[in-house]
Structures are given as structure tokens and as C-alpha cells.
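Q: The structure's right below; bear with me while I get my questions together.
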Amino acid sequence: MSNRLSLTFLLALASLTPSLASAQVTRVGDFAVISAKDPLDNSNRSLAFSATPDEEKGLAWKCLGDGMNVILTFDKYIPDDRGRQLLVRQQFDDQDASVTGYWTLARDGKAAYLPLTDVESFTEMAKSSKRVVLRISDPIWGDTYTFDFSLSKLKSALARIGSCK
């Protein structure tokens, strides 16, 4: 990934961060780490974001009000009138691909959230892996998209975020 932050990348980050203007951005391996606080309640809203080489798709670990979230952003628009659930299959490094699970489509149709109950196990697998491939399927229309993300220095990036509590 280049050392610059593309416009698309910045727009995706802005949608995930409450106040990008007051946020600090640092690079940790293949991750951009944005340290940010919610402007109203001062809670942690930091994130670590790995983008694909074209900087059009990303995988983020983000502090939200309900704790740590894993969010996939993509350049394809998937209308939520098809349903709010996407089928996702993941493969870490050269391990066998997981059983397909459901991620929730964001209202803007350009992101999906891993269920909170799966964040801890997904994160532990990711921290011990070099890359993850995510295959997303729209269960109603059958559209399939594959995303490949580097996980270089994820442990260090998450350490910079700190606690989401």
C-alpha cells in the first residue's frame, strides 16, 4: 500500500471516525491507526484499518459504543432492500476456510459488520496470521466478492488502539 492516504480511503475512515480533524493517524505495518475520542463523551473511537492495494476496500477494528467491532468496507454497493445479512467465508493464511457465517450489511450498502459474538475469536485468529481472505456472498442475488487483506503488525496496531471500554 502506498504511503499516501487516498481520497476513498480517507472517506471510508471519516465515516468510521467521529472527528477525523482531531484524530491522530499513524502507520503500523499494513495498518493505518487512527487514535480518536468521541467529541461528546470522550470515549475511545480509535480504529486500525488495513486496505487492499487499490485502497478501495478495507478491514477495520473499531471501538464503538458496544465495544470492539470488525468492519469490512468495500467499493461495491449492495442495496439493503435485498436483506441486511451477507454470507461471509474467511480463510486465514493457508488454513482451511471457515464455515460460512453472517455479517450485517451497513445501511449505506458499502460495509459489513462481523457479529459481536465472533469479534474475539476472529481477532485472535487474525493476530496470529499474515493475511485473511474474505468471500462475501449476497444470499438473495448470489453476487460474490473476494477480498484479500494483509494483517502485518495487527497486534501492534490493536495495542495502539487500547481498550474500547
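Q: Whenever you get a sec, compute what percent of the accessible area on segment 29-151 sits on carbon and sulfur atoms (1.4 Å probe).
A: On the way: 2850 of 5880 Å².
Answer for segment 29-151: carbon and sulfur cover 49 percent of the accessible area.
Q: Here is a further query. With θ set to phi - 60° and the Karplus curve 6.51 cos²θ - 1.76 cosθ + 1.60, what are the ³J(HN,Hα) couplings of segment 148-165 in order, to the nearest whole Hz, using x for Gly and Pro?
A: My calculation for segment 148-165 gives 10, 10, 6, 10, 4, 6, 4, 4, 5, 5, 5, 5, 5, 5, x, 6, 8, 8 Hz in order.
Q: Among 30-36, 64-70, 41-47, how do they line up from the highest to the lowest mean number of other beta-carbon atoms within 10 Å?
A: Working: 30-36: 22.6, 64-70: 15.4, 41-47: 17.3.
Descending mean neighbour count gives 30-36, 41-47, 64-70.
Q: Give me a comma-separated list of calculated 3J(HN,Hα) values for segment 46-54, in order, Karplus coefficients 6.51, -1.76, 1.60 applied at θ = phi - 60°, integers in Hz, x for any Gly or Pro.
A: So the Karplus estimates, Gly and Pro as x, are 6, 8, 10, 10, 10, 10, 6, x, 7 Hz.
Q: Normalised by the residues of segment 117-164, what does the relative contact order come to in percent, with Cα pairs under 8 Å and at least six apart?
A: Values: 37 pairs, mean separation 15.7, N = 48.
With pairs under 8 Å counted, the relative contact order is 33 percent.
Q: If the label point is 7 Å along Cα→Cβ of residue 141, which residues in segment 38-81 have backbone nitrogen under 14 Å from it?
A: The answer is 75-81, whose backbone nitrogens lie closer than 14 Å to the label point.
Q: While we're on this one: For segment 28-165, what does the relative contact order come out to in percent, with C-alpha contacts under 8 Å and a separation of six or more? Working shown, then result.
A: Working: 291 pairs, mean separation 38.5, N = 138.
Worked out over segment 28-165, it gives 28 percent.
Q: Could you go through segment 57-65 in sequence order and give the Karplus-derived ³J(HN,Hα) for each residue, using 6.51 cos²θ - 1.76 cosθ + 1.60 with θ = phi - 60°, rounded to whole Hz, and x for Gly and Pro?
A: Working through the residues one at a time gives 10, x, 10, 10, 10, 9, 7, 10, x Hz.
Q: Taking amide hydrogens as modeled 1.01 Å from N in the peptide plane, which residues meet the under 5 Å criterion relative to residue 85, leaving out close sequence neighbours?
A: 105
Q: Just list whichever of 37/110; 76/110; 110/153; 130/165; 76/155 have alpha carbons separated by over 18 Å in the model shown. Walk me through the intermediate numbers first.
A: Working: 37/110 24 Å; 76/110 6 Å; 110/153 26 Å; 130/165 27 Å; 76/155 29 Å.
Flagged as over cut-off: 37/110; 110/153; 130/165; 76/155.
Q: Given 0.36 nm per residue, what is the gain on full extension from residue 148 to residue 84 after removing their alpha carbon distance, in nm?
A: Working: separation 64, 0.36 × 64 = 23.04 nm, distance 2.26 nm.
Value of the extension gain: 20.8 nm.
Q: Subtract the Cα-Cα distance of residue 37 and residue 163 from 0.36 nm times their separation in residues, and report this length gain in nm to one decimal.
A: On the way: separation 126, 0.36 × 126 = 45.36 nm, distance 1.20 nm.
Taking 0.36 nm per residue and subtracting the Cα distance, the gain is 44.2 nm.
The values are calculated or read from the model by the stated rules, or taken from the named source; none is laboratory data. Since this is a predicted model, take the numbers as computed values, not measurements. Every residue, glycine among them, receives a Cβ derived from its backbone with ideal geometry; neighbour counts consider all protein chains shown. Only protein heavy atoms, including side chains, enter the accessible area calculation; ligands, DNA and RNA are left aside. Shrake-Rupley method; radii C 1.70, N 1.55, O 1.52, S 1.80 Å.
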